[in-house]
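Please read the structure below before turning to the comments.
The values are calculated or read from the model by the stated rules, or taken from the named source; none is laboratory data. It should be emphasised that the depicted structure is a prediction, and the values quoted were computed from it without experimental measurement. Using ideal geometry, Cβ is built from the backbone for each residue, glycine included, and neighbour counts are taken over all protein chains shown. Side chains are part of the model used for accessible areas, which takes the heavy atoms of the whole protein and leaves out ligands, DNA and RNA. Shrake-Rupley method; radii C 1.70, N 1.55, O 1.52, S 1.80 Å.
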Amino acid sequence: MLRRHFSSALVAGLALACTSLTANAAAEIGQPAPAFSAQGADGKTISLADYKGKTVVLEWTNHDCPFVKKHYDSGNIPRLQEQAAAKGVVWLQVISSAPGQQGQVDGPTALKVNGYRESKPAGTVLDPQGTVGKLYGAQTTPHIFIIDAQGKLAYKGGIDSIASTNPSDIGKAEKYVANALTAITSGQKVAQASTRPYGCSVKYAS
């Protein structure tokens, strides 16, 4: 019994992977999304203001995280990126892993990783100091935030409803991000605007 309880607790803790975050995270549903400007993996500056009037997805990622691997190795996130782009949505990755922490990469490496996992975001934000991550209150990888064309936060949370590393669960899960994008690009209200994210904790500097 003790072993079963311990295993369940361990799995739950891994799936949720919550981190201690500042209580005053500024990203709130229905409010203007926090502005930011940061270096992209290609060496160019990426500013949220550059995408005024467009729907923008922010995807926190860590290529070494098993939860992230689930959604990339299966092709789930690349498909979502492609579908979003077809609707005129800007998809940005954000890497907030601190130097020396899991998932931290330089620009060329980030581009190489995207190449072999067939990922085609509009841009990849390098955030080694965690400034953008903490501004939004990003907790896990993946953790998704969607900003509507009016510049307001319309969705934040998990990519779907099943917190596991098993790719076979993707087809069974409620597709939070896909459903949110469909609603937003159709001019409708997002039914579930805030959901619980799951994955590895964002590897902020300690």
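Points to keep in mind about this one:
- Any hit, region 184-196, residues being part of a strand (DSSP E or B) and buried (at least 17 other Cβ atoms within 10 Å of the Cβ): no
- Close pairs (9 angstrom Cβ cut-off, 6 or more residues apart or separate chains): of a type in the set (Asp, Glu) in region 135-163, open to solvent by 10 Å² or more (accessible area, probe 1.4 Å) and part of a strand (DSSP E or B) anywhere: Asp148/Ala154
- Each residue in region 120-143 was checked for being open to solvent by less than 40 Å² (accessible area, probe 1.4 Å) and charged (D, E, K, R), and 1 of them qualify.
- Per the listing Val94, Val132, the residue uniquely among the aliphatic types (A, V, I, L, M), at pLDDT 95 or above and touching a Gly at 6+ places or on another chain (Cβ under 7 Å) is Val94.
- Just one of the listed residues (Ser206, Ser161, Ser201, Ser186) is small (Gly, Ala, Ser) and in contact with a strand residue (DSSP E or B) (Cβ under 8 Å, 6 or more places away or on another chain), and it is Ser201.
- Within region 22-36, the set of residues being within 17 Å of the chain's Cα centre (by Cα) and surrounded by fewer than 21 Cβ atoms within 10 Å (Cβ to Cβ) comprises Ala25, Ala26, Ala27, Glu28, Ile29, Pro34, Ala35, Phe36.
- Residues that are under 14 Å from Leu48 (Cβ atoms), of a type outside the set (Phe, Trp, Tyr) and open to solvent by less than 10 Å² (accessible area, probe 1.4 Å) do not occur anywhere in region 101-119.
- Any hit, region 131-154, residues being within 16 Å of the chain's Cα centre (by Cα), closer than 14 Å to Tyr72 by Cα and of a type in the set (Ser, Thr, Tyr): yes
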